[in-house]
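Data first, discussion second: the structure below is written as C-alpha cells.
The values are calculated or read from the model by the stated rules, or taken from the named source; none is laboratory data. This one's a predicted model, so the numbers in the text were calculated from it and none came from an experiment. Here the Cβ positions follow ideal geometry from the backbone for every residue, glycine too, while neighbour counts run over all protein chains shown.
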Amino acid sequence: MKLVPIENSKEHYCICKLWLEDSEITKWLTSALRFGKYLRIFHEQLILERENRYFFINDNDKPIGLAGFHNIDRVDKRAEIWFLIGSNADRGKDHATQAVTLLKEIAKNDLKLVSLYALVVKPNTASIRVLEKNGFVYVGAFRKAFFLDGAYTDFLIFDWIY
C-alpha cells in the first residue's frame with residue numbers, strides 16, 4: 001500500500017473522473033464534487049493549488065482509491081484530510097485505514113503539520129471507523145449541515161493532533 005501523487009495528466013484525470021462521477025461514492029463528499037461532474041479544468045485547478053495535495057491509494061501498483069489534504073494551512077499547521085475507495089471490491093479491506101495512516105506520516109514528516117481534521121457525514125459509519133482506528137477523536141458537529149437522501153443530517157468533526 002502506498003500513496004502516489006496525482007498528476008495533471010489525461011490518465012490520472014480519467015481515473016479520478018471514473019470515481020468522482022459515481023453517485024454512490026460522491027454522495028459522501030463534502031464539496032461540489034458530490035454533484036456528478038468532474039471537469040478537466042477542475043482537475044487541473046485541484047492539482048495545481050498549493051493548499052491541496054492529492055494521491056492515489058495504490059495497492060499492488062494499482063490505483064484503488066483517492067486520498068489527500070485539503071486546505072493546508074502552513075501558518076497554523078493544519079489540514080483537512082479526505083479519502084475514498086473507488087470500487088466495492090476494494091472496500092472493507094482496511095485500505096482506507098492504511099491510507100489515513102500514510103497521510104498522518106506525510107502530515108507530520110513532510111508537511112510539518114500539527115493537526116489534521118476530517119468532516120464526516122453522520123451516516124458514514126465506515127469512514128468514522130477508519131478515523132477512530134487512526135486515533136482521530138470526535139470533537140463536535142455542524143448540525144443539519146449536509147443534505148443527504150432527501151433530508152438534512154449532521155456533519156461530524158474529527159481531529160488528530162501530533
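Within region 19-47, residues that are farther than 20 Å from Pro123 by Cβ have Cβ atoms under 7 Å from residues that are surrounded by fewer than 18 Cβ atoms within 10 Å (Cβ to Cβ) and modelled with pLDDT under 85 in these pairs: Glu21/Gly36; Glu21/Lys37, counting only partners at least 6 apart in sequence or on another chain.
Residues in region 48-65 that are in contact with a strand residue (DSSP E or B) (Cβ under 6 Å, 6 or more places away or on another chain) and either part of a loop (DSSP other than H, G, I, E, B) or not aromatic (Phe, Trp, Tyr) (or both) were compared, and the one that is surrounded by the most Cβ atoms within 10 Å (Cβ to Cβ) is Ile57.
The set of residues in region 83-133 being part of a loop (DSSP other than H, G, I, E, B) and crowded, with 21+ Cβ neighbours inside 10 Å consists of Gly86, Leu113.
Among the residues of region 20-42, those that are more than 24 Å from Ala151 (Cα to Cα) and either assigned to a helix (DSSP H, G or I) or under 16 Å from the mean Cα position of the chain (by Cα) (or both) comprise Tyr38, Arg40, Ile41, Phe42.
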